[in-house]
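First the structure, in the form of structure tokens, and then the observations on it.
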Amino acid sequence: MLQRGAHSSRGHFTVKDGAGTLWFDMGPAAQYLPAPMGLLDRRLLVVTGKGGTGKSTLSAALALAASRRGKRVLVCEVTARERVSELFGRPPSGTDMRELAPNVWSVHVRPREAMREYALMTLKYKTIYNAVFENRVVRYFLNAAPSLAEIVMLGKVWWHAAREEREGQPGKLRWDLVILDAPATGHGLTLLTVPEVFLQLVADGPLARDMRDMQQLLTDPQRCATSVISLPEEMPANEAVELSRALTAHGLPLGPLFLNSVFERRFTPGERVAVARGGPGLAAAGEAAEAHEARADLSAQYDKLLREQVRAELVRIPHFFDGASGIAALERFAKAIEAVL
Amino acid sequence: MTDLFAQLRGKRVVCCVGSGGVGKTTTAAAIGVRFAVEGKRVLVLTIDPARRLANSLGLETLGNKATRIEPAQFQAAGLAPKGELHAMMLDLKLTWDELVHRTAPDAARAKAILDNRIYQKLSTAMAGSLEYMAMEKVYEMSASGRFDVVILDTPPTSNALDFLHAPDRILDLLENDAARIVLGPLLTAGKIGLKLFSLSSTYVLKTLARFTGAEFLKDLAGFMVAFEGMYDGFKDRAGKVKALLAGKDAAFVLVTRAEPQVIDEALFFHRALAEEDIKVAAVVVNRSERDPRRYGGADTCEGVREALSLAKIENAGAPPLAERLCQTLDEQARLADLDRREVQRLEHALPGVPLVTVPRLRRDVHDLQGLWQIDGWLAAESE
């Protein structure tokens, strides 16, 4: 992956590929290369990973960081419960787009509303929509049809990222960046591979055409990246490895891999022994130090595993102890990941 | 302190439910180990176990095979089980295929279904499919008579409703009545193209086809035709599964972690279960942080400095050792306070529901010994 800010006046750039950092001397021609791409320069960023790893916080922090760089950002949430608006200290956006902070908007993508929007776009006429899709029997059938919910939800995200135009400015896209806060691992992968699976089943019709465009967007490393977030624990880390492999196997370009809630080593082995033998006065402090180091050990262990197993840049986010909330907490999170933005 | 096992005595099915990443699999396995040690024939049915836990349970491969954990393994962990512990990893596709074979009137019909593209999608990737088959397998295993108790580690569904309504959602698809009205012309005309249909049906169908593509509808019609007459078998079976899970032979254990979001989800889950008239037998809060101050000793920076000097430990390093220690003490105590507050919130929101707390252990649990250690907490024997 090209490193933003790694451009030197001598025409070097660094490539990181899991095996380490390689240096390329590009010579004088390098000065004509476009600036290396940052994560936020894409059209669509997808965030996924095991439940509880911090997907929504990462999505919100990425959105905040992008808005501070002058971008108009939309965060699309597709899971049962909205979180991003809450992280900005705002009421839920629901299915209408709401501005959470300057240039940061969010929307809760729900199957029924997405279906309606999508069908209206495809059918053009509201009367036809009402006659067909608001029909109780048809609705019953559509609810049961395999993956239709996922199709229309992803369709809506794609439309915001690649089709929606700025009001009064035809040809100009409304959003500079769309962030998809995707469901956890398995369901996330199901959602992202919906175009691929659908195109195997259906070759014709407007939906298939849109699905093809969607697939092109999802697989284009210039326009889209999928980032996995993990914790230094066995299940999330193993899932991150498997998920990254699966994403790559489906042709979905990987963004940086985020390791959340990292504990750094703080005490030397000698200090630990001394404190443990230091008598009852140090009992609580010694216990705390051991608990901390146990988590630092796990952090180091899964940091190593992820660096060895996933071909993506690893970004560490420290564990934050105070229960800070709102934009301040997101800013702190964004600062921790600044290097890859 | 609550003994979880006292809440589960006499149950034939135990379902561990909760959001992803809360330790459902570990809890299910720990319950299984305890019951096996006590003398029961136990099956732990799991969906997606952590690799090392799977290995220690002998679950290297998928395939719906119940594998017995050998007594020698128990002995190596210092345990002498009076019963048996079996483990099985659910194979989604295989469970579907078995169900089709069992329900289909003949082999030709079974093959027609197994070959259908909609069925293949349904049996591997459709949302809710895994949840449905997990329940189906629990029923099958429980009815087999081979086990005294079947413990289900439910799929990592983010939403309780997905889990509870999965069979309904899938049965809706299989039930011909509704779809039949829409797909009617396709069902009767078989393979003839769309254009031959009567105007009114064609109107709806054509519109749908613009949306989904005509091929999809044809596949779906083919699926419906193949399933003709089998729906009742499915529905009957699903009804029995539901009756078992909602009945007195089954117990639901709600597993959670003491994090605000996860507790919110647990409460949401509890409400959803209550709406289905399912009572939660107990709540297990995993990995709660323990307060280092429980050991006593200095708990201020000043106190730590004094204790270091008293123990003749040099206050060296950058930042100095005392500062690092008191920062760590403060952080760990804060983690414990946060967790305590969340557990209290949970207790307050669920009065009368037995609650068991398992502390964060220093290492990942992935063997019988580790599971037995957790059992000590679940049985309220450990301190």
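Set the bar at 18 Å for Cα to Cα. Now go through A:50/B:242; B:93/B:121; B:11/B:242; A:50/A:156; B:40/B:240; B:137/B:235 and name every pair that lies beyond it.
A:50/B:242; A:50/A:156; B:40/B:240
Please work out the FRET efficiency for the pair residue A:339 and residue A:294, using the Cβ-Cβ distance as r and a Förster radius of 35 Å; give the result to the nearest 0.05.
Working from the Cβ atoms, E equals 0.80.
So for the pair residue B:108, residue A:37, with labels modelled 7 Å out along Cα→Cβ, what separation do we get in nm?
Here the modelled spin labels are 5.5 nm apart.
Quick check: net charge around residue A:309, other residues with Cβ under 12 Å of its Cβ, Lys/Arg +1 and Asp/Glu -1?
Counting the neighbours of residue A:309, the net charge comes to 0.
When the Kirkwood hydrodynamic radius is evaluated over all pairs of different C-alpha atoms of segment A:202-341, what value in angstrom, to one decimal, is obtained?
Its Kirkwood hydrodynamic radius stands at 18.0 Å.
Report, largest value first, the span of the C-alpha coordinates of segment B:275-383 along each principal axis, in whole Å.
Extents along the principal axes: 61, 33, 22 Å.
Just to confirm a number: summing +1 for Lys and Arg and -1 for Asp and Glu over residues other than residue A:85 whose beta-carbon lies under 9 angstrom from that of residue A:85, what do you get?
Net local charge, residue A:85 excluded: 0.
Collect residues whose amide H, placed 1.01 Å from N in the peptide plane, falls under 5 Å from the amide H of residue A:315; neighbours closer than 5 in sequence don't count.
A:257, A:258, A:259
Given the Cα-Cα distance of residue A:203 and residue A:273 and 0.36 nm per residue of separation, how much length would full extension add, in nm?
18.5 nm
List the relative contact order of segment B:227-302 as a percent without decimals, with contacts defined as Cα pairs under 8 Å and 6+ residues apart.
Reported relative contact order: 31 percent.
Sum up the charges of everything whose Cβ sits under 12 Å from the Cβ of residue B:290, counting Lys and Arg as +1 and Asp and Glu as -1, but leave residue B:290 out.
Local net charge: -1.
Between residue B:341 and residue A:169, what is the label-point separation in nm under the 7 Å Cα-to-beta-carbon projection?
The answer from the label model is 4.3 nm.
At residue B:276 and residue A:71, where each label point lies 7 Å from the Cα along Cα→Cβ, what is the point-to-point distance in nanometres?
It is 4.0 nm.
Relative to a virtual label point 7 Å from the Cα of residue B:68 in the Cα→beta-carbon direction, which members of segment B:85-108 show backbone nitrogen distances below 13 Å?
From segment B:85-108, the list is B:85-87.
Tabulate in residue order the Karplus-calculated ³J(HN,Hα) for segment A:96-108, using 6.51 cos²θ - 1.76 cosθ + 1.60 with θ = phi - 60°, rounded to whole Hz; enter x for Gly and Pro.
These are the phi-based 3J(HN,Hα) values: 9, 5, 10, 8, 8, 7, x, 6, 10, 10, 9, 8, 9 Hz.
Would you mind giving the mean number of other chain beta-carbons within 10 Å of the Cβ of each residue in B:323-335, as a whole number?
Partner Cβ neighbours, averaged per residue: 6.
Throughout, read-outs are computed from the coordinates displayed, never taken from laboratory work. Small disclaimer: the values here were computed from a predicted structure and weren't measured. Here the Cβ is made from the backbone with ideal geometry for all residues, glycine too, and neighbour counts use every protein chain on show.
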